[in-house]
1. What angle, in degrees between 0 and 90 and rounded to the nearest 10, separates the Cα long axis of helix 251-262 from the longest principal axis of the Cα atoms of the chain?
2. Tell me, what HN-Hα J-couplings in whole Hz come from the Karplus equation 6.51 cos²θ - 1.76 cosθ + 1.60 at θ = phi - 60° for each residue of the stretch 431-442, using x for Gly and Pro?
3. May I ask you to derive the relative contact order of the stretch 191-510, considering only C-alpha pairs under 8 Å and at least 6 residues apart, and to give it as an integer percent?
4. Taking the radius of gyration and the Kirkwood hydrodynamic radius from Cα positions alone, what is the Rg/Rh ratio for the stretch 191-510, to two decimal places?
5. Cα-based Rg (one decimal) and Dmax (whole number) for the stretch 312-386, in Å?
6. Just report the Cα centroid separation between the stretch 148-193 and the stretch 358-428, whole Å.
7. So if we plug the beta-carbon distance of GLN114 and ARG549 into 1/(1 + (r/R0)^6) with R0 = 56 Å, what FRET efficiency do we get, rounded to 0.05?
8. Could you list HIS550, HIS350, HIS200 in order of exposure, starting from the residue whose Cβ has the fewest other Cβ atoms within 10 Å?
Amino acid sequence: MVNRKKDLIYLFSFLGFLILLNILSSFLFTRLDFTSEKRYTLSPITKDILGKLEDNIQITVYLEGDFPASFKRLRNATRDILADFKAYSNGNLSFNFVNPSSGDLKTREVTFQQLAGKGIEATNLSVKTEEGMSQKTIFPAALITYKGKQIAVNLLQTRTGASPEEILNNSVQNLEYAFLSAVKKVSTGGKPRIGFTEGHGELSDLQLNDAMKSLEDGYEVGRVNLSVIPLEGIEKLSVLIIPKPNTAFTEAEKFKIDYFVIRGGRILWAIDQVNAELDSLRGAGGQLAFPKKLNLDDILFKYGVRINYNLVADMNCAQIPVSVGNVGGQSQVQLLPWLFYPIFVATSSHPIVKNLDGLRSEFAGTIDTIPVKGISKKVLFSTSPFNRTLETPTMLSLQMVEQEPDPKSFKNIPKPVAVLLEGKFTSSFKNRPVPTGINAEVKVIENAKFSKMIVFADGDILKNQVNNADGSPFPLGYDRYSQQQYGNKSFLLNAADYLTDDSGIIQLRNKEIKIRLLDRARIRTEKTFWQFINIALPLILLTLFGFSRHFYRLRKYARQDQF
């Protein structure tokens, strides 16, 4: 009776402990992550932003349906990260998964058009079936909705030359940054302002269509004419982008740029120092590539860089269509490598360019860095080891495409083409009078504010191609000739995030999840051994245990019967 009473006390005490533990768990939240890279642990900045959400945010993920196992892993990883987001959002975040390929053919077509209109791009997969190979359209993307505003999130991080396992792993480790960056953009009240300069023959609105459209999700974007904007107007900008000017800047315009930088403004320079265009080569057959006179050398030198007056010829390059003859009166066009359209692949681990696909450029130059006190420099992009530089002026001709380049003559050290500068810049107009054209009273700043700038020795990295048939713009980074998508758009978005945000969100792109793949060579050579260990050995051990226990019981109870 005493033992029964004691057992009941233990039982009710244990049940009471479980009830108390469940009550406490509804108010307290914690998780234990035993992985070496802390893959299931959100960063402090993520928790902080999610905890400050003021209204409900809805995330719709379109990565659902019947697709290969690799995309199922990406789907599961997305579901896990969003579950973590929800746990730290104080009930202000919800998500659901949708299969856009459900329904009949007409319904799917309407759905696909709607998703394309929202900036969600499709990916075509070749899936192996019992009948052979079939094409499947999937949407590895999500749509975030907050107070009527929407922003698309691309979940698939492609990279030329990377294996499917690496692409998948890069996509998984980029999920936290991709979602948090979009959440911050859509939930922030005031959008940072980004201005593209005009008035110096810069890229047109059509050529910048996709660049500006892509930035509009998280920023206020427009054109800025430095000759007319007042100083108080330029102070309202967060980032100034200078996209391939062709005519010289006046001293007053340079003063406004310097005024902007010294007060903490950020700049993305996309500069061509050499006048060279493929259209001119096609029309005349040849062109003299000569230096431009932009009047920017002194201000850039003061900030710590020099854009050289040369052209890069790189064996890692894009292709252009070239007429190679006539057959039956029909012109035969073939895609051939064009050395002056380099593809720049990032080797840096900086979060702006980490795991980024190659950038397509046109007639790019090189950059030299100059020691400047208090300014740190980081090379973001360089040429490949197989490059040459042509000093200007020099003659260019389309006949060059017919010449087979000799790798020995192109073997060279990689040369910087894009550099990130950070620090407190010294004014280029220090101890100089205010130039003519600045009528406003200028307040002298003794200590410059911290600023950042990216200098790219190519103006065409921000230019989208245009469809000759209807004049519509292609996506930024899309090559209409090879039908390949390069990383120009991702670079622009990452650069804008880095330049406008000092909270460190983009550092989340440094998160690494190690790939732990099976050794296929060992699998082939040791297949029988591991099959025996995993299948036969457990059965043998179980059988031995059964026989041993049987004989043990026979001997034990046989002795008892003798007594």
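Every read-out reported here was derived from the displayed coordinates using simple, explicitly stated rules and does not represent laboratory data. Since this is a predicted model, take the numbers as computed values, not measurements. In this analysis, Cβ positions are derived from the backbone assuming ideal geometry, glycine residues included, and neighbour counts consider all displayed protein chains.
1. Result, in degrees: 20.
2. Residue by residue, the stretch 431-442 yields 6, 10, x, 5, x, 4, x, 9, 8, 6, 6, 9 Hz.
3. Value for the stretch 191-510: 23 percent.
4. 0.98
5. In order Rg, Dmax, the Cα atoms of the stretch 312-386 give 17.8, 66 Å.
6. 29 Å
7. Working: r = 65 Å, r/R0 = 1.17.
The computed FRET efficiency comes out at 0.30.
8. Numbers: HIS550 10, HIS350 17, HIS200 20.
Lowest to highest Cβ neighbour count: HIS550, HIS350, HIS200.
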